[in-house]
Amino acid sequence: MKVLVLAIDRDDDFGIKAGVKGPVIGKGKCIDAALKLSLADPEDSDANVVYAAVKLYDELKKSGEFEDVEVALITGHPDVGVKSDIELGRQLDIVLKKFPADGVIPVTDGAEDEQVFPILSSRLPIVSSKRVVVKQNETIETTYYVIYRYIKEILSDPEASRVFLGIPGLIFLLYGVGKLISVSYPQSMSIISNIVVGIILLFIGGYAFTKGFRIQVFRALTNEFIQVIFGVSGLLIIIAGMINAYVNIDAYARQLLGYVPQPGPIKFIFYIHAINTTIIIGIAVVLVGRIVQAYLRKDTHIWYNIAGLLILPTFWIIIDVTTRYALGVINFHSFGTILEILGAFVDVIFSVIISTFIRRYLISWGSGGSGGVEGSSEEIRVSESRA
């Protein structure tokens, strides 16, 4: 087995500082290149990588474990990334033409150079690897690389820069404006501070909410206007119903229970019972909006929302029966309760049957009814071939 001991300089320190052009093949040439870099910059660890590669080359030669061994150095490009990796791949191909190895042992000085391992493995197997750590601790160098990489990503990625730079920048901007205004109007500092804090919390909360639920506000307003309108309407219905139930809960309690329960589990269960209808109506409005939007887009997944709309009465019955049973208003032996439970079962069966038929119809509708045409054309082609 022929093995190549390969020293890697991804950012081309050899070329920039010592004028050494890669690839460098052979023990003597590699030592000369390392000496040039050591004289140009004694603190550069890339020279020690080459020394370590030569040492490993000598050890493998003496052991006789492999049929043949060679040592080489490849250099990349100062613009670390695509350019450097392309250059490393080009130089590696040159080395392999002169020394057709069956395996490679890469020698690096840190995590950054190890990013080229996929390039090596795409051309020949990696037998082993060696990392050279000089003076500084390995963990420190790796940590430095990770921090550097993430800072670079934050600065270059628009999405990350909005979060890590945009939001803190907005906070400092608002506080700066507030401080400047308070210089001329010191008596209004409390009001200004509350306004600034409110705007900051509103912005951060809105951003976190939209990101957490994968809501793209501007895209939704332009592409899903109907769904947004119905969604906001359903949300307002739910909020209005919750407020109304909270304000009139005592009157509802006297009407249903004959007394007003003390704050606790009973009153909480009664509140759930009071907002049951409003929540179901609000969800129904949201689903209607999704159905209309999907219909206009001719989306075959519309049947999911139709199935959800059809099964909503079941959820209303479940909440109504369980809350009233918990309040002691009904029992499961009464005729009315049995009818409600049977109604829930009937609604589930009805929803499944209707949804199945709707799904079959919508798949054909979404494809424009092309399935039958394709099938008939295939039959015609078969019959012609037989003829």
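Nothing in this text is a laboratory measurement; each read-out follows from the coordinates by a stated rule. All of these numbers come straight from a predicted model, not from anything done at the bench. So basically every Cβ, Gly included, is an ideal-geometry build from the backbone, and we count neighbours across all protein chains shown.
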Checklist outcome for this item: Taking alpha-carbon centroids only, the stretch 269-284 lies from the stretch 1-64 a number of Å equal to 74 Å
Item to check | the stretch 1-108: relative contact order as a whole-number percent, Cα under 8 Å and 6+ apart | outcome: 48 percent
Checklist entry - If we sort 33-43, 330-340 on the protection proxy, mean other Cβ atoms within 10 Å, highest first, what's the order? => result 33-43, 330-340
Checklist entry - How compact and how long is the stretch 218-370, expressed as Rg and Dmax of its alpha-carbon atoms in Å? => result 19.1, 64
Next on the checklist: Can you tally the net charge around residue 21? Count Lys and Arg as +1, Asp and Glu as -1, for every other residue whose Cβ sits under 13 Å from the Cβ of residue 21.
Outcome noted: -1
Checklist entry - Amide H of residue 132: which non-local residues (sequence gap of 5 or more, or other chain) have their own amide H closer than 5 Å, using H built in the peptide plane? => result 108, 109, 110
Item to check | Distance violations [Cα-Cα > 31 Å] among 17/62; 21/55; 27/83 | outcome: 17/62
